[in-house]
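K.L.:
This structure is in structure tokens; I'll ask about it shortly.
We did not get these values from a lab; they are worked out from the coordinates using the rules stated. Computed from a prediction, not measured in an experiment: that's the story for all the values here. For neighbour counting, all protein chains shown are included, and Cβ atoms are generated from backbone atoms with ideal geometry for every residue, glycine included.
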Amino acid sequence: MKLTAQIVHDTFLECLFKDGESTDNYKLGEAVLIKVGFNPKRLKEKEPLIDKLLKELPTDIHKNIGGGISFLNMCVDINDNQWGEHKNIDELVALGIATGKLSFLTPRKMWNLLPGGMPYLVLNLIKHIMTTISVQCKCCGKNQDLDVDPISYTKWQKGMLIQNAFPDMSADDRELLISGTCTICWEEMFPEEDETP
Ligand SMILES: [Zn+2]
């Protein structure tokens, strides 16, 4: 799932009320510039997609990684590519607030004290979403796909011990990540000799 201004805008429009629909029940999405009431049924349907889009933001936005980032820094994705302008970010923020996944770190009346007058937001995803990474074996050159939780993957890249970052991962998969060697090559290499990589 790639985060783009188009997909955010389409999702935003999809979750709004359509002509003739009752607006008695709505989910409020109060972002930085906009304040909208979403159709709760369609918002619920789009929630998995919204989660995936939010997870494409820089990982420091996660409560358990960086603890939150400024609205100003939400214009780039997890790979540091710019994906949108302020109005696009605001639509994503409205969706994230309405689904209860995003929250502001400071009350609105204090925003003027923050850099650029823009708030910090924190992302709290309860359910982890897996992403597939492809690891190339250094020995045979074959690619092996690995399903990882991107939060755990980031923690490991930032220095957390692999057994703490991925407690449920098989030993073979951990080895592939650490040494870049697939199971087949590993077994060929290590029946007798003890080699330091
Ligand atoms: Zn191999």
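K.L.:
Toward the positive end of the charge dipole of the chain, about the Cα centre and with charges on Cβ (Lys, Arg +1; Asp, Glu -1), which of 98, 184, 132 goes farthest?
P.N.:
Of the listed residues, the answer is 98.
K.L.:
Now for a different question. Would you kindly state the longest site-free stretch of the chain, with sites defined as GluC sites (Glu not before Pro) in a DSSP loop (not H, G, I, E, B) surrounded by at most 14 other Cβ atoms within 10 Å? Please report the intermediate quantities before stating the final value.
P.N.:
Details: sites that count: 21, 85, 192, 193, 195.
Here the longest segment lacking exposed loop sites spans 86-191.
K.L.:
Hey, another quick one. Amide H of residue 140: which non-local residues (sequence gap of 5 or more, or other chain) have their own amide H closer than 5 Å, using H built in the peptide plane?
P.N.:
Residues meeting the amide H criterion: 182.
K.L.:
Let me ask something additional. For residue 69, what residues show an amide H to amide H distance below 5 Å, using hydrogens built from the backbone and excluding near sequence neighbours?
P.N.:
Correct list: 121.
K.L.:
Could you tell me which trypsin sites (Lys or Arg not before Pro) in the range 116-195 are loop residues by DSSP with no more than 13 other beta carbons within 10 angstrom of their beta carbon?
P.N.:
Values: sites: 127, 138, 142, 155, 158, 174; in loops: 127, 138, 142, 158.
Filter output for the range 116-195: 127, 138, 142, 158.
K.L.:
Explain nothing, just the number: relative contact order of the chain, from Cα pairs under 8 Å at least 6 residues apart, as a whole percent.
P.N.:
On the way: 266 pairs, mean separation 33.8, N = 197.
Relative CO of the chain lands at 17 percent.
K.L.:
Give, in nm to one decimal, the length gained when the segment between residue 85 and residue 110 is fully stretched (0.36 nm per residue of separation minus the Cα-Cα distance). Let's see the in-between values first.
P.N.:
Values: separation 25, 0.36 × 25 = 9.00 nm, distance 2.32 nm.
Between residue 85 and residue 110, full extension yields 6.7 nm more.
K.L.:
For the range 131-189, evaluate the Debye formula with one uniform point scatterer on each Cα (no solvent term) and list log10 I(q)/I(0) at q = 0.15, 0.16, 0.23 Å⁻¹, rounded to two decimals.
P.N.:
Listed by q, the Debye log ratios stand at -0.41, -0.47, -0.92.
K.L.:
How far apart, in nanometres, would the label points at residue 178 and residue 23 be if each is projected 7 angstrom from Cα along the Cα-to-Cβ direction?
P.N.:
About 5.8 nm separates the two model spin labels.
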